[in-house]
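What follows is calculated from the coordinates using simple rules that are stated; it is not laboratory data. Computed from a predicted model, the values in this text were never measured in an experiment. We place every Cβ from the backbone using ideal geometry, glycine too, and count neighbours over all the protein chains shown.
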Amino acid sequence: MNILLLEDDEESSSFISKGLCEVGHNVKVIDNGRDALLDIATSDYDILILDRMVPDLDGLSVLRLAR
């Protein structure tokens, strides 16, 4: 499963991505909303995990614009 993780806290993103990778998922970590939105437009993800409070665009704005 391809997963995009939008998280600006390095410790949290490392913990989450490590756990997801250990069970066989492909995880891409991005730390700001603008880059996440650009990546969503050009890549195919099965799941988006979005932090609500990140730089540039918050997670809810990323979700609205991606839809």
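Observations on the model:
- Förster-model FRET efficiency, 25 Å R0, LEU65 and GLU22, C-beta, rounded to 0.05: 0.20
- Within the chain: Cβ-based charge dipole about Cα centre, in debye rounded to nearest 20 (Lys, Arg +1; Asp, Glu -1): 320
- 3J(HN,Hα) from dihedral phi, the stretch 44-53, Karplus parametrisation 6.51/-1.76/1.60, rounded to Hz, x for glycine, proline: 10, 10, 7, 9, 10, 10, 10, 6, 7, 10
- Projecting the Cα atoms of ASN32, ALA66, LEU50 onto the charge dipole of the chain, computed from C-beta unit charges around the Cα centre, puts ALA66 farthest toward the positive end.
- Measuring r between the beta carbons of ARG34 and ASN2 and using R0 = 25 Å, the FRET efficiency lands at 0.80.
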